[in-house]
Amino acid sequence: MSDTSLKTRAEESSARVVLAFDLDGPTGAAMVDGSIWRRPGHFTLGAYGPHRAVPRILDVLRDRGVQATFFTPAWIVRTWPELCRRIVDEGHELAGHGDLHESFYGRSRDAQAGILRRSQETFRQTLGQAALGFRAPSGDITRDTLELLVEHGYTYSSSLRSGDHPFVHSGVPLVEIPAKSLFDDYSVFAYHRAPHFPIGLDRIAPYAPVFRSWMDEVDAAAEEGVTVATIWHPKVIGTPGRTVLLDDFIGGLVERSDIEIMRADEVAASAEEGSVR
């Protein structure tokens, strides 16, 4: 693509950045198989997210005057209802992320439907509203998943890593907002001894270079006018030291005229209106 065409696209519309957090807490495979209750260290590692990190992150978002999307398993909503109500009351979006953070790929249609039904029931009972958005744990979905999401009232997904622009799935009235794997804080900041994650990595990346690389990607996105959706986990990015850099990063976005910070549901709504880019 030529410099002229890049400049033209940037002039037509600014880049859109979705500050998206996966509020997993201690849910996941260990909770699905029940082993979490025999691993207090593993449980507390996950619980750090809703217990300590999210309030810290919410303060940053409030002070910067921006809104975010929190993809949240329903178990978290049931277990930390006051925190989830605070998220919504402060203008952020709470979106679906399974019930116990189950993998959807490989599950039967009925099993997937049951997870979505339980999740939406929790959202309605606890928050007074169903979730509009959904992010599949691990990002793996099937055709059945797409159809079931629509049946259960979801209007968009942010599960795939398939592009720079939102799009509507073929044959299914569901908007997809692709996320960016390079914005997954797990790949640079999370290290667990059991199991080892990431495999072969025995250290955590220095903080500042990671945030600089993320800003480099935002710079390029602004030149092209594309959409960036993050995959940040409060229990990972919400430590005191990382929150300081997260605050600086968001502050840098706020100061720019070529960046528009939007919730995922707002991006999806504009896509439904025909402005998919």
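The values are calculated or read from the model by the stated rules, or taken from the named source; none is laboratory data. Since the structure is predicted, the reported quantities are computational estimates derived from the model, not experimental observations. Cβ: placed from backbone, ideal geometry, glycine included. Neighbour counts: every protein chain shown. Side chains included, ligands, DNA and RNA excluded: accessible areas come from the protein's heavy atoms. Shrake-Rupley method; radii C 1.70, N 1.55, O 1.52, S 1.80 Å.
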Can you list residue pairs whose Cβ atoms sit under 8 Å apart, with the first residue in segment 25-52 being without any contact (Cβ under 8 Å) to a residue 12 or more places away in the chain and the second being in a helix (DSSP H, G or I) and open to solvent by 20 Å² or more (accessible area, probe 1.4 Å)? Count only pairs 6 or more apart in sequence or on different chains.
Ile36/His42; Ile36/Phe43; Trp37/Phe43
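Yes or no, residue by residue, for (1) open to solvent by 10 Å² or more (accessible area, probe 1.4 Å); (2) assigned to a helix (DSSP H, G or I); (3) of a type in the set (S, T, N, Q):
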| position | (1), (2), (3) |
| --- | --- |
| Ser213 | yes, yes, yes |
| Val228 | no, no, no |
| Leu246 | no, yes, no |
| Gly251 | no, yes, no |
| Arg256 | yes, no, no |
Could you check, for segment 85-92, whether at least one of its residues is of a type outside the set (Ser, Thr, Tyr) and closer than 18 Å to Pro137 by Cβ?
no
Test of understanding: among Thr44, Thr142, which residue is among the β-branched types (Val, Ile, Thr), open to solvent by 60 Å² or more (accessible area, probe 1.4 Å) and out of contact with any strand residue (DSSP E or B) (no Cβ under 9 Å at 6 or more places or on another chain)?
Thr44
Kindly evaluate Val54 against the criterion of being in a strand (DSSP E or B), at pLDDT 90 or above and among the β-branched types (Val, Ile, Thr).
no
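One line per residue, one yes/no per condition, for (1) open to solvent by 10 Å² or more (accessible area, probe 1.4 Å); (2) at positive phi; (3) in contact (Cβ under 8 Å) with a residue 60 or more places away in the chain:
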position: Thr69; (1), (2), (3): no, no, yes
position: Trp75; (1), (2), (3): yes, no, no
position: Arg124; (1), (2), (3): yes, no, no
position: Gly128; (1), (2), (3): yes, yes, no
Residues within segment 176-190 that are touching a residue at least 60 places away in the same chain (Cβ under 8 Å) and β-branched (Val, Ile, Thr), tallied:
1
